[in-house]
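Here the structure is laid out as structure tokens; the discussion comes afterwards.
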Amino acid sequence: MSTVDLMETSKNPPLKVEKLSVNRSGQTVLEDVCLTINEGEFVGLVGPNGGGKTTLLLTILGLLKSRKGIIELYGHTKPSGEIFRKLGWVSQHASNLPKNIKLTVKELIQLGTLNSGNMFWRYSTDQNERVDRAIKLADLESVQDRNVSNLSGGQRQRAVIARVLASEADFILLDEPLVGIDRESRNSLLKFLDQLCHEAQKTILMVSHDIAAIQQASHRMIFLEEKIRYDGAADCFPGLAELANLRGIEPVHESNNSENMLYQLENLEGK
Ligand SMILES: Nc1ncnc2c1ncn2[C@@H]1O[C@H](COP(=O)(O)OP(=O)(O)OP(=O)(O)O)[C@@H](O)[C@H]1O
Ligand SMILES: [Mg+2]
């Protein structure tokens, strides 16, 4: 990529999606989705099970094809390997590492620095520096030589995120990183992600069912259920009744009694 291309890339937002529609197994999963994510934003993506959150992430990453619409990454509609290297992906099951795996935390994070051009060579000074920086950022210095299978759920989650940090990724997409971790780990993970935006200038798009947690941590929230039903400041995220209205859920009972509220809450939380 030329210097001019690089300057253009840095001026453009990490993500711009226009009128995106995606089908899976012949069914419409996403319809007319439009959104832009600017550099340094921490965006929470929420919605019911099957609402299309993972599908959106996989389409952004180029792993699923769209039926129509445009996805622009750093201003490029046909991203090169260099643009894709700016993306980091932590999948829904990333921290479910095999129980008998023999890999230290540091070795796991080193894997994040590998690409097709360097995988058969020794780790360079630059790779080692990136690994040390990621370990420090994720506060894993004291456990870096420990086997990953001996980590707590929260530490394991931070380790898989640190692996992405050791790559050259600036835009990090996370799918459900809060699942299976205790309250304390969840709070420290959210603080860590917030720091990545403010101190390391990363951009984050994070899927979660934990609306209360994501509302505390993110700057902006998107509610996705086939279409975008809400996109705005996290502080202004709609309450249950307003959300039901945005989702086209009609009241089942005449009065909005507590049973009805519980039903909506279960649907919303998806679990
Ligand atoms: N591999 C697949 N093949 C075909 N259809 C799929 C596949 N995976 C998901 N779908 C369908 O796509 C729709 C959206 O699924 P998706 O996984 O994107 O939802 P989600 O919002 O991530 O849900 P969850 O909160 O449960 O993770 C669902 O109707 C689902 O059945
Ligand atoms: Mg999903």
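Every number in this text was worked out from the coordinates using simple rules, so none of it is lab data. What you see is a predicted model, and the numbers here were worked out from it, not measured in a lab. Here the Cβ positions follow ideal geometry from the backbone for every residue, glycine too, while neighbour counts run over all protein chains shown.
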**Item:** the chain: C-alpha gyration tensor shape, a/c 1.5 cut-off, then a/b vs b/c
**Value:** oblate
**Fill in**
Checked region 6-144 with the C-alpha gyration tensor, a ≥ b ≥ c its square-rooted eigenvalues, rounded below a/c of 1.5, otherwise prolate if a/b is larger than b/c and oblate if not; verdict prolate
**Asked** Mean separation of Cα pairs under 8 Å and 6+ residues apart, divided by the residue count of the chain: what relative contact order is that in percent?
**Response** 25
**Complete:** For region 104-134, listing trypsin sites (Lys or Arg not before Pro) in a DSSP loop whose Cβ sees at most 16 other Cβ atoms within 10 Å gives 122
**Asked** Of all DSSP beta bridges located in the chain, what percent are antiparallel, nearest 5?
**Response** 55
**Prompt:** What is the order of 183, 163, 146, 67, fewest Cβ neighbours within 10 Å to most?
**Reply:** 183, 67, 146, 163
**Asked** When 103, 178 are ordered from fewest to most other Cβ atoms inside 10 Å of their Cβ, what list results?
**Response** 103, 178
**Prompt:** Dipole magnitude of the chain about its Cα centre, charges +1 at Lys/Arg Cβ and -1 at Asp/Glu Cβ only, in debye to the nearest 20?
**Reply:** 940
**Choice from 200, 212, 233 with maximal GNM fluctuation in the chain (Cα, 10 Å cutoff)** = 212
**Item:** Sparse-neighbourhood loop sites, chymotrypsin sites (Phe, Trp or Tyr not before Pro) in region 86-139 - DSSP loop, at most 10 other Cβ within 10 angstrom
**Value:** 120, 121
